[in-house]
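K.L.:
Input: one structure, supplied below.
The values are calculated or read from the model by the stated rules, or taken from the named source; none is laboratory data. If you're wondering where the values come from, they're calculated on a predicted model, not measured in any experiment. Heads up, the Cβs are rebuilt from the backbone with ideal geometry, glycines too, and the neighbour counts pull from every protein chain shown.
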Amino acid sequence: MGRPRMTRRLGGSERLRGARAVPISFRVGSGKAFRVSDESLGLEEGVALALRAVRQPRTGVAAVLSVAARAMGADLVAAYVLGGSADRLGEMIASAGPLTSELGPLGPVDEQTSSVLQGCLQDAVSEDSLFPEPWSRLPRRVHLVDRLPLGAALVVLAAGKDPLDREVLRRVIGPLDLLVATMTVMERQERLEQELLRLRQDQALLAAGLQHDLRTPLTSILGAAHTLRDRPARIPPEQRSELLEVIAAQANRLNDMIGETLARHAAGPDVPVRAVLVDPLLVARRVCRAARSARGGDVAIDVESRPFLCDESRLERALLNLVDNALKYAPDGTEVQVIGSKAGETYTFTVADAGPGVAPEVAAAMFSPYVTDPSRDDGTGLGLHSVAHLTEELGGKVSYARASGWTRFSLSLPWREADGA
Amino acid sequence: MQDVAARVGATDLFVLYRVADRRLVNVDGHGRGAGWAGNIDLDPAAEGWLEEVEKRGLARVSYGMPRRVFGPYWATESVGVATDDCLVVFGGPGTAEAPEDVVREAAALAASSVGEVPVAKRLADDLEVTQAALEIARMRPRSVDDAARAIATTAARATSCEFGAVLLFGPPMTLHLADEGWRPSASEEEIAAALLPLAQALSDGLFVEQDTSETAFPYRPLTFEDGLVARCAVRLGEERDMGVLVVAHSLETPRGFTMLCQRVMRTIGDTAQATLSALLDGGAVREGGVEPPRA
């Protein structure tokens, strides 16, 4: 069956078929004549069409500007929104006219355009004002300002080679107002929906990440507890106290994490980073002890003791994830290395192991959530994501390198001394 | 050329001959490169990726989905090589992974065996343009509306586009969509409103956008997000501004407009405006059917 034929009169104004609108001539102060003609495309009809396309209000604005440009004989007409939720400098929301392609993309405007728009708002624009290209090439310009709700303003700017009738802009400003208001509401709703979706995803990710992060210290506690329970007679006193220390430290860390999560839940996702003076060597020792008690294996620590301001809990969690991973994938009989040093204003921890590294096909996305190595079936895809997230919160970055049979993950953190140090 | 393309595993091969400092012409090739021979004329400085090929000697792109590579050519993967006189571009799945020595050898072979665009190809192209004009001229529409719809359909078919539309300014303003092909899920008013700013941009009578993801007219429902990848518009009417004819490629077969397509559109525009003027001057009714073209 064929598609129904699509021919229908558009717009809402009622005109008699065959009736021709009469071109209207105006004379302005300069003495130059110009003409407003809606012979071929009626202003009213175009506006009616735009209002009926209200599901796409930005398109409607462009359509209104098009018929206005045509009616005025303008080479360029553009609508800008300033203030309210618009960008600091203002935003171009639609444009029309033969020179549109030269105007650049819609969105935030540059400083020069913004200054012209501010001039429009204060009614302080003259022919001498510094208009950017392509406006500057068009000697005749008119503008109209309309106040929008919530402190925003709509500025419509038109330019051409011949004198322009500002009255045309007056005739379309009402419909433009309506379309811009609709557009603002619709785009705000869309933004809120996206924000809500992002928050839900973040929440799910947070819950999954927390579950993952809780498991790591729990594994350490269980490992130490099992050793103490199963081999009490064979454990020398100094190892016994070391294991008890691991249990206490990891239990404290769990306590901190739970407290932090509750605070995050109460205050939203942006819990402030609590920077205290941290000795990286002590952190590395604590982390390595905890990781070894859970996984076993050997760790060599070569960390420079240069205390700096950092969120200790976040740093420990990030480093523990890396050391735990390294011990997990390091071949038997090989040693994991934890190296730390200060260079310039950065303190870098590097965790290196002789394991196979990350599969090349997932390397680019390894710090994204739920990305797992297809050759392994024991990962959740959250460990490295958690490391990247924690490091970002600390103002640093995490990187990965594979060279000479070694897999290296590095945490580069801003090195800040304690005040007055 | 087919054998050369096969060496790289390419479905398309373009030999872009450097006829001047800032001018590359597609003179031969395989797949789209053969079909479009003589119909791609480029300024390499305006083509980011080709400039990279020239600068680096060899460049690859892999987008994961069809995107514009140069001019009207869209592909998921491509590799380009600069030789003394030419830029040789291979396109199609896997080409971005082809070994460098294989690509360079194939490019040298393609560049060395290139000749002029055959006369028969040029004649066939001219015939395509004439046929499109003839199809419009032979129409015997009973009304402006039917003529406009037939023009939209013929233009879309002649340029192998999935979307065709004629917006007549009127009064009354009317939109006429091609009888077949792709159309956005939107009302006629929304489509017409999105066409209006485009109609204003026809300063030299023809407007071409090879990639709508980089447009000055991001007005829905005729945007890249809506599934429209490239478009070409022509003004209907010189002294009397009657309206605009627009054709577009959708994501179904992503590509742009060759010079031949643009010639076809200009010719259809010229012929269509004569047809529409005659109907308007003759006081044609706005309902009725189109008589089939005369045999």
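K.L.:
Between A:Thr380, A:Thr391, which is closer than 17 Å to A:His212 by Cβ and at pLDDT 90 or above?
P.N.:
None of the others qualify; the one that does is A:Thr391.
K.L.:
Mind counting the residues in the range B:26-54 that are in contact with a Leu (Cβ under 6 Å, 6 or more places away or on another chain) and among the β-branched types (Val, Ile, Thr)?
P.N.:
Residues flagged as in contact with a Leu (Cβ under 6 Å, 6 or more places away or on another chain) and among the β-branched types (Val, Ile, Thr) within the range B:26-54 amount to 1.
Conditions tested, residue by residue: (1) farther than 24 Å from B:His249 by Cα; (2) surrounded by fewer than 22 Cβ atoms within 10 Å (Cβ to Cβ).
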| residue | (1), (2) |
| --- | --- |
| B:Arg23 | yes, yes |
| B:Trp36 | no, no |
| B:Val61 | no, yes |
| B:Gly80 | yes, no |
| B:Asp101 | yes, yes |
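K.L.:
Given (1) closer than 30 Å to B:Asp126 by Cβ; (2) assigned to a helix (DSSP H, G or I), where does B:Ala75 come up short, assuming only one miss?
P.N.:
Status for B:Ala75: all satisfied but (2).
K.L.:
Turning to a different aspect of this structure: Which pairs do you get when a residue that is of a type in the set (Gly, Ala, Ser), found in the range A:128-148, comes within reach of a residue that is surrounded by fewer than 19 Cβ atoms within 10 Å (Cβ to Cβ), reach meaning Cβ atoms under 7 angstrom, with the pair 6+ apart or on two chains?
P.N.:
A:Ser129/A:Gly119
For (1) more than 16 Å from A:Leu148 (Cα to Cα); (2) more than 7 Å from chain B (Cβ to nearest Cβ); (3) more than 31 Å from the chain's Cα centre (by Cα); (4) not in a strand (DSSP E or B), each residue gets a yes or a no:
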{"site": "A:Thr59", "(1), (2), (3), (4)": "yes, no, no, yes"}
{"site": "A:Ala79", "(1), (2), (3), (4)": "no, yes, no, no"}
{"site": "A:Gly84", "(1), (2), (3), (4)": "no, yes, no, yes"}
{"site": "A:Ile93", "(1), (2), (3), (4)": "no, yes, no, no"}
{"site": "A:Pro98", "(1), (2), (3), (4)": "yes, no, yes, yes"}
{"site": "A:Glu102", "(1), (2), (3), (4)": "yes, yes, no, yes"}
{"site": "A:Gln112", "(1), (2), (3), (4)": "yes, yes, no, yes"}
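K.L.:
Given (1) under 29 Å from A:Glu133 (Cβ atoms); (2) in contact with a Lys or Arg (Cβ under 9 Å, 6 or more places away or on another chain); (3) surrounded by fewer than 20 Cβ atoms within 10 Å (Cβ to Cβ), identify the lone condition not met by A:Leu164.
P.N.:
A:Leu164 satisfies all of (1) under 29 Å from A:Glu133 (Cβ atoms); (2) in contact with a Lys or Arg (Cβ under 9 Å, 6 or more places away or on another chain); (3) surrounded by fewer than 20 Cβ atoms within 10 Å (Cβ to Cβ) except (3).
K.L.:
Sticking with this structure for a sec: Would you point out which residue out of B:Ala106, B:Ala75, B:Ala46 is over 23 Å from B:Glu209 (Cβ atoms) and of a type in the set (A, V, I, L, M, F, W, C)?
P.N.:
B:Ala106
K.L.:
Can you list residue pairs whose Cβ atoms sit under 6 Å apart, with the first residue in the range B:220-245 being in the same structural domain as B:Pro197 (by TED's automatic domain parsing) and the second being of a type in the set (S, T, N, Q) and part of a loop (DSSP other than H, G, I, E, B)? Count only pairs 6 or more apart in sequence or on different chains.
P.N.:
Short answer, once both residue conditions are applied: B:Arg220/A:Gln56; B:Ala230/B:Gln210; B:Asp241/A:Ser40.
K.L.:
Among the residues of the range B:185-210, what is the count of those that are assigned to a loop (DSSP other than H, G, I, E, B) and either crowded, with 18+ Cβ neighbours inside 10 Å or at negative phi (or both)?
P.N.:
8
K.L.:
Answer yes if at least one residue in the range B:250-266 is closer than 19 Å to B:Leu177 by Cβ, modelled with pLDDT of 90 or more, part of a loop (DSSP other than H, G, I, E, B) and aromatic (Phe, Trp, Tyr), and no otherwise.
P.N.:
Within the range B:250-266, none of the residues are closer than 19 Å to B:Leu177 by Cβ, modelled with pLDDT of 90 or more, part of a loop (DSSP other than H, G, I, E, B) and aromatic (Phe, Trp, Tyr).
K.L.:
I've got another one for you. Of the conditions (1) without any contact (Cβ under 8 Å) to a residue 40 or more places away in the chain; (2) closer than 24 Å to B:Asn26 by Cβ; (3) of a type outside the set (A, V, I, L, M, F, W, C), B:Pro171 fails just one. Which one is it?
P.N.:
In the conditions (1) without any contact (Cβ under 8 Å) to a residue 40 or more places away in the chain; (2) closer than 24 Å to B:Asn26 by Cβ; (3) of a type outside the set (A, V, I, L, M, F, W, C), B:Pro171 misses (2) alone.
Listed here are the residues, each with its yes/no results for (1) within 15 Å of A:Ala284 (Cβ to Cβ); (2) assigned to a helix (DSSP H, G or I); (3) among the hydroxyl-bearing types (Ser, Thr, Tyr); (4) at pLDDT 90 or above.
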| site | (1), (2), (3), (4) |
| --- | --- |
| A:Asn325 | no, yes, no, no |
| A:Gly340 | yes, no, no, yes |
| A:Pro356 | no, no, no, no |
| A:Tyr370 | no, no, yes, no |
| A:Ser375 | no, no, yes, no |
| A:Ser386 | no, yes, yes, no |
| A:Gly395 | no, no, no, yes |
| A:Val398 | no, no, no, yes |
| A:Arg402 | no, no, no, no |
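K.L.:
Checking the conditions here, which among A:Leu157, A:Leu178 is under 18 Å from A:Val81 (Cα atoms) and either part of a helix (DSSP H, G or I) or at pLDDT below 85 (or both)?
P.N.:
A:Leu178
K.L.:
Next question, about the same structure. Can you tell me which residue among A:Leu164, A:Leu205 is in contact with a Phe, Trp or Tyr (Cβ under 9 Å, 6 or more places away or on another chain) and at pLDDT 85 or above?
P.N.:
The conditions single out A:Leu164.
K.L.:
Of the residues A:Ala69, A:Ala74, only one is surrounded by 21 or more Cβ atoms within 10 Å (Cβ to Cβ), within 10 Å of chain B (Cβ to nearest Cβ), touching a residue at least 12 places away in the same chain (Cβ under 8 Å) and in a loop (DSSP other than H, G, I, E, B); which?
P.N.:
Matching residue, one of A:Ala69, A:Ala74: A:Ala74.
K.L.:
Being part of a helix (DSSP H, G or I), in contact (Cβ under 8 Å) with a residue 60 or more places away in the chain and surrounded by fewer than 22 Cβ atoms within 10 Å (Cβ to Cβ) is the requirement here; does A:Ser293 meet it?
P.N.:
no
K.L.:
Can you pull out the residues in the range B:214-226 that are more than 11 Å from chain A (Cβ to nearest Cβ) and more than 16 Å from the chain's Cα centre (by Cα)?
P.N.:
Within the range B:214-226, B:Glu225 is the sole residue that qualifies.
K.L.:
Here's a follow-up. So which residues in the range A:296-323 are among the small types (Gly, Ala, Ser) and either farther than 20 Å from A:Val246 by Cα or not in a strand (DSSP E or B) (or both)?
P.N.:
Passing the criteria: A:Gly296, A:Gly297, A:Ser305, A:Ser313, A:Ala318.
K.L.:
Among (1) over 17 Å from the mean Cα position of the chain (by Cα); (2) surrounded by 17 or more Cβ atoms within 10 Å (Cβ to Cβ), there is one condition B:Met65 misses while meeting the rest; what is its number?
P.N.:
(2)
K.L.:
Does A:Ala48 satisfy the condition of being in contact with a helix residue (DSSP H, G or I) (Cβ under 8 Å, 6 or more places away or on another chain) and of a type outside the set (Lys, Arg)?
P.N.:
no
K.L.:
A further question follows. Of the conditions (1) part of a loop (DSSP other than H, G, I, E, B); (2) surrounded by fewer than 22 Cβ atoms within 10 Å (Cβ to Cβ), B:Ser213 clears all except one; give me its number.
P.N.:
Condition (1) is where B:Ser213 drops out.
K.L.:
Helices (runs of 4 or more DSSP H) wholly in the range B:79-184 with at least 2 residues that are acidic (Asp, Glu) and within 14 Å of chain A (Cβ to nearest Cβ) - which ones?
P.N.:
Output list reads B:144-158.
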